[in-house]
1. If you stretched the chain out fully between Gln25 and Arg303, how much longer would it get, using 0.36 nm times the residue separation minus the C-alpha to C-alpha distance?
2. What ³J(HN,Hα) values, in whole Hz, does the Karplus curve 6.51 cos²θ - 1.76 cosθ + 1.60 give for region 256-273 when θ = phi - 60°, with x put for Gly and Pro?
3. Considering the dipole of the chain built from charges on the beta carbon (Lys and Arg +1, Asp and Glu -1) around the Cα centre, which of Leu146, Ala280, Thr260 is farthest to its positive end?
4. Just flag the trypsin sites (Lys or Arg not before Pro) in region 275-336 sitting in loop per DSSP whose Cβ has no more than 15 other Cβ atoms within 10 Å.
5. Could you put Glu202, Glu116 in order, starting from the residue whose Cβ has the fewest other Cβ atoms within 10 Å?
6. Report the Rg/Rh value for region 99-156, based on alpha-carbon coordinates and the Kirkwood definition of Rh.
7. Contour minus end-to-end for Val216 and Lys237, with contour as 0.36 nm per residue of separation and end-to-end as the Cα-Cα distance?
8. Kindly give Rg over Rh for the chain, based on alpha-carbon atoms, with the Kirkwood expression for the hydrodynamic radius.
Amino acid sequence: MKNRPLRTSVIGSYPFPGWLEFAAQHLDQFGPDDISEAQEDAVVAAVRDQVAAGLDVITDGEVSRLDFNLSFYGYLRGIDLESAPPRRFGPPAHDQRGKHAITDTLTAPNGLGVVEEYERLVKVVDSLGLANPPALKASIPGPYTLSGRLLPNEQYADRWAITEALLALVSKELEDLVAAGCTEICVDEPSMSCYAWRGETERFVDIFNRTVKPIVGKARIDMHMCFGNFKARAVGKREPEAMFPDFLKLTVDEMHMEMTTLNFTALPLIKQVVDAGIDAAVGVIDVKSYHCESPEEVASRVRSCLEYAPADKLVFAPDCGLSQTARWASRKKLAALVEGCGIVRKELGLDG
């Protein structure tokens, strides 16, 4: 599946509009039709911002989800949705998120909700009547990442067992997405990159490849790897070298790597990625900083990437999803991303 050289994309999430943030905290005051309307309106806002930036690939911004993982837990049967975080006060960090007890066999009789998200995205984009609409991408957490906030019990002895139970549910959602017409899917597995340093990379590769096996050759498969971004905090050890060479065996068309927060010190790794026949998606926008990159800064970073990979194997995006970045800053950052790639594309004579 060939794409535009120096392709511009996003990971998945986008900031909530302020009114949606308020509504999400007061859902008991809204009826189901109110919530559905708010979700669609929020997708309209996210899509318009991404289209205005001029991105080659957009998502629905994941704005209909209340939380990256927790929105999916609402579709699961066999868990207790009530959870108390171990720490409520002090500096924001991952230990302010609760974990959920498993009470029965894990199932998802109505799917995980991503098909409905994709269909809503298609509806919104079609309504804009764009002459040259961007490519559409759906995103879904992989089973290992999705297992992270579920507590083992007698039936599921550890995180690996929980992951195996979720694997079939995620695979089914991937199949249903393809059946709904989705041609690009990002399987988010940041937990794998966060814990690659533990030396279990071969096991991660096996889990990922079994998850996506039903859709190989039927859609463009992306994988997002980062070191965490809850309230702009990383959770994992920032050691991208630990993922290689095993992660080169992933069955993916596009592998996204966080680079800006690493000051691009791991940039030579993208040569290994493209040499393995995988498109390298490079994070050139810092979602944890309120420094808004200029197009010239982005262009410089793109030129650095071209030292290791050809233009037709490179994709550029923010380091992670933008949900933890204010909307005004996200707009500026995405505009700079597109304009910076455009500068280099023009230098290379690729505009035609």
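1. 95.7 nm
2. Listing the rounded values in order: 9, 10, 5, 10, 4, 5, 8, 6, 6, 5, 9, 4, x, 5, 5, 5, 4, 5 Hz.
3. Farthest towards the positive end: Thr260.
4. Here no trypsin sites (Lys or Arg not before Pro) fit, given the DSSP loop and packing criteria.
5. Ordered by Cβ neighbours within 10 Å, fewest first: Glu202, Glu116.
6. Radius of gyration over Kirkwood radius for region 99-156 works out to 1.18.
7. Additional length available on full extension: 4.5 nm.
8. My calculation of the ratio gives 0.94.
All of the numbers you see were taken from the coordinates with simple rules; none came from a lab. Fair warning: this is a prediction, and the values are worked out from it, not measured in the lab. With ideal geometry, Cβ positions are generated from the backbone for all residues, glycine too; neighbour counts draw on all protein chains shown.
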